[in-house]
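The values are calculated or read from the model by the stated rules, or taken from the named source; none is laboratory data. From a predicted model like this one, the values you see are computed outputs, not experimental measurements. Note that each Cβ is placed from the backbone with ideal geometry, even for glycine, and that neighbours are counted across all protein chains shown. Quick note on the areas: whole protein, heavy atoms, side chains included, nothing else; ligands and nucleic acids left out. Shrake-Rupley method; radii C 1.70, N 1.55, O 1.52, S 1.80 Å.
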Amino acid sequence: MTVIVTGGAGFIGSNFIFHMLRTYPSYRIICLDKLTYAGNLATLKDVMDNPNFRFVRLDICDRQGVYRLFEEEKPDIIVNFAAESHVDRSIDNPEIFLKTNILGTQVLMDACRKYGISRYHQVSTDEVYGDLPLDRPDLFFTEETPIHTSSPYSSSKAGADLLVMAYNRTYGLPVTISRCSNNYGPYHFPEKLIPLMIANALADKPLPVYGNGLNVRDWLYVEDHCRAIDLIIHKGRTGEVYNVGGHNEMRNIDIVKLICQKLGKPEDLITYVKDRKGHDMRYAIDPTKIHKELGWLPETKFADGIQKTIDWYLTHREWWEEIISGEYQNYYKKMYEEK
Ligand code: NAD
Ligand code: DAU
């Protein structure tokens, strides 16, 4: 079995590659990644010499390059993680989100049609459902919840999802889609909430909480997401969407306070800053379908996952310090100086 994993030098894609190489020693895994600011070859250093692994630097929008790779490798399964993934960057500059997230998806699916595959899997997000009100804890996103996006990022992911379903209906392409809640764990890029707060707290820098900090996210340990995708590509029904989430809703402010407590840092580092434009209030996944059909359940409790994550950032300082010492500093200044 040959699997192409796009975006495998990023956070979830790299964790998925490690999961697949561990779980299926006979599979050939090819990582296709453009290495944008969010892609990092250092993340993949431990698997680079694995004879079942190949890294190819390529943009998913590069049609000729993608076709060439399909011709060479004759993949059975494509798992598309490649995306611009940060909501704040999409508010600042939407265009690259539309290019990579929608047009790149189209190129990959055209290659699948041209060369034939057994499965194309699109890694989507719960953000395509928009948000839920804080005063209705009884509401959850199901696969039937209408698409209702808030940011250029979520709109680009929703656009891609619609195209994926259209390729299934129109051309019979064997597709599946997963829509997962917020992931956390090793190799999470430090622009995102949890790693940003860990890095800032360790440096005794202000911890910038958007708005009133009461927004709710449904956090899932990254390995649980990887196991869900593994199940879907092997056992999921084609043409279907599967929501992935572990009923672990938390307010942003409580996460930041917990990080302060675990690192022994004072809560007065917390600084309330200008809110994100169009900020979604609450995400909450109903994972009944993937549980009933595929037997998936999350295995890592948040209390354990957050401890493992903090320990990982403490023992892998070179990985994230290298990132935040470079171009990231310009990003941080630009994004946070007006807040
Ligand atoms: P990330 O930003 O950490 O990694 C994205 C990777 O894609 C990087 O390695 C980058 O170099 C690569 N990439 C970007 N544009 C590319 C292009 N044009 N061609 C080839 N490679 C390209 O993202 P992540 O957090 O790991 O998210 C991965 C996927 O999962 C995304 O599709 C995202 O929408 C989805 N998702 C993320 C979360 C989350 O909490 N992080 C939750 C649900 C779904
Ligand atoms: O729900 C899945 C989505 O989760 C994925 O599709 C996205 O790719 C991923 O980036 C993530 O989106 P969020 O916007 O929820 O994640 P982020 O880490 O950027 O922010 C989490 C919450 O924390 C959100 O309410 C905004 C807030 N926040 C974020 C940052 C970076 C802050 O208060 N301060 C910050 O500095």
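Before moving on, here are some points about what is shown:
- Hits in region 281-315 - residues which are over 30 Å from residue 136 (Cα atoms) and open to solvent by 80 Å² or more (accessible area, probe 1.4 Å): 308, 315
- Considering residues of region 144-192 that are more than 17 Å from residue 217 (Cα to Cα), in contact with a Lys or Arg (Cβ under 8 Å, 6 or more places away or on another chain) and among the hydroxyl-bearing types (Ser, Thr, Tyr) only, the residue farthest from ligand 1 (Cβ to nearest atom): 171
- Only residues that are within 8 Å of ligand 1 (Cβ to nearest atom), over 15 Å from residue 15 (Cβ atoms) and not in a loop (DSSP other than H, G, I, E, B) were counted across region 31-46, and they come to 1.
- Residues located in region 168-188, provided they are open to solvent by less than 20 Å² (accessible area, probe 1.4 Å) and within 11 Å of ligand 2 (Cβ to nearest atom): 179, 180, 181, 183, 184, 188
- Scan of region 127-150 for residues that are open to solvent by less than 10 Å² (accessible area, probe 1.4 Å) and over 23 Å from residue 108 (Cβ atoms), ordered by number: 129, 130, 141
- Test: residue in region 316-337 that is open to solvent by 30 Å² or more (accessible area, probe 1.4 Å), of a type in the set (D, E, K, R) and closer than 16 Å to residue 225 by Cα: no
- Considering region 260-280, the residues that are part of a loop (DSSP other than H, G, I, E, B) and open to solvent by 30 Å² or more (accessible area, probe 1.4 Å) include one that is farthest from residue 338 (Cα to Cα), namely 264.
- For region 57-83, the tally of residues that are open to solvent by 20 Å² or more (accessible area, probe 1.4 Å) and either within 16 Å of ligand 2 (Cβ to nearest atom) or of a type in the set (Val, Ile, Thr) (or both) stands at 2.
- Count of region 207-233 residues which are under 22 Å from residue 27 (Cβ atoms) and touching a helix residue (DSSP H, G or I) at 6+ places or on another chain (Cβ under 9 Å): 11
- Residues (closer than 16 Å to residue 168 by Cβ and of a type in the set (Asp, Glu)) located in region 89-112: 110
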